[in-house]
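Chemist: Just dropping this structure here.
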Amino acid sequence: ANVSTVPSRCLLFESTFSLKTYIFEPYASGHRLHFVRIIAEAFLELGIKPWLATTDATITSPQADEHLQGVIDRIRVHRLADADAKTRWKRTTQQSAWLSEVLNLACGGKLLLPTASQFADVFLRWNTFPAGWSKDVSIEALFLGPGFGYPIGSWKRRLLKQLHLRVASRLPLDRYFHLDSRQLEFIRHRTHRPPNGYVVMPDPAPSPGKV
C-alpha cells in the first residue's frame, strides 16, 4: 500500500482525477476492518483508489491480515500516530487530533467513518467547543449505537442518551447510517426529524457459516 505523511491540498480530485476519498478507522478490534474492506472494495469497483487513515498497530494486526487481505495492496494508507492514551480524556484528545488530521487530508473530498459511535466523546467535545469541522468535506458515518430506541433504567444513562441524540442531530454529516430501524422510529417520535441524511442500512457484519 502507498503511504502518505504529507497533508494533501484542498482539492476535490487528486492528480489521477480520482475523487479524493478517506476511510478513517484507527482501531482493529471487532468487525471494524471488515467494514473497511466493504467500503474500500466498493470504491475500487468505481475506479476510485481510497485512502485508509489508520495506525501502524492496526495495519499490522491479525484482524488486518484476516479482513484486508487482497485489498490493502490496492488502496493507499495514511499512517496516524499509534494509540497511547491511558485515560478516557486523553483518548478523546487523541481521537480529536486524529479526526482533525484526517479532515485536513480529506479537504475537498469525501470522508467515511465506518464505526462512528466510538467517537461520541469527540463529537460531544466539538459540539460544546466548536473545533475542526470542515465545510469542504463530505462526511458519511455508520453508527452502531448508542441505543436511542431502547429503554434504559439508569437516569444517568437516559441523560447521556438524550445528550448524544442532540449532538448526533447536529453533526455535519451528509449521510448518517444506522443499523437499527427502531432507532429511526424513536428519533422521529422524540425530535420529529432524524439527523441530516439518516439512512437505515443492513448489518455489514459477515454472516456466520453453517454449523
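Chemist: At positive phi and open to solvent by less than 30 Å² (accessible area, probe 1.4 Å): is that true of residue 108 in this structure?
Modeler: It is true that residue 108 is at positive phi and open to solvent by less than 30 Å² (accessible area, probe 1.4 Å).
Chemist: I'd like to check which helices (runs of 4 or more DSSP H) are fully inside the range 25-114 and have at least 3 residues that are over 16 Å from the mean Cα position of the chain (by Cα) and closer than 25 Å to residue 172 by Cβ.
Modeler: 88-105
Chemist: Provide a single number: the residues in the range 164-192 that are part of a helix (DSSP H, G or I), surrounded by 15 or more Cβ atoms within 10 Å (Cβ to Cβ) and either at pLDDT 75 or above or not hydroxyl-bearing (Ser, Thr, Tyr) (or both).
Modeler: The number of residues fulfilling the criteria is 8.
Chemist: So, one more: Between 59, 72, which is open to solvent by 10 Å² or more (accessible area, probe 1.4 Å) and touching a residue at least 60 places away in the same chain (Cβ under 8 Å)?
Modeler: 72
Chemist: Okay, moving on. Do the conditions hold for residue 147, that is, is it at pLDDT below 75 and either open to solvent by less than 20 Å² (accessible area, probe 1.4 Å) or out of contact with any helix residue (DSSP H, G or I) (no Cβ under 9 Å at 6 or more places or on another chain) (or both)?
Modeler: no
Chemist: Looking at (1) farther than 16 Å from residue 22 by Cα; (2) open to solvent by 60 Å² or more (accessible area, probe 1.4 Å), can you tell me which one residue 64 breaks?
Modeler: Of everything listed in (1) farther than 16 Å from residue 22 by Cα; (2) open to solvent by 60 Å² or more (accessible area, probe 1.4 Å), residue 64 misses just condition (2).
Chemist: Which one is surrounded by the most Cβ atoms within 10 Å (Cβ to Cβ), of the residues in the range 18-56 that are acidic (Asp, Glu) and free of Cβ contacts under 8 Å to residues at least 40 places away in the same chain?
Modeler: In this case the residue turns out to be 41.
The values are calculated or read from the model by the stated rules, or taken from the named source; none is laboratory data. Remember, predicted model here, so these are calculated numbers, not experimental data. Virtual Cβ from ideal backbone geometry, glycine too; neighbours counted across all protein chains shown. Protein only, heavy atoms only, side chains kept; ligands, DNA and RNA dropped before computing areas. Shrake-Rupley method; radii C 1.70, N 1.55, O 1.52, S 1.80 Å.
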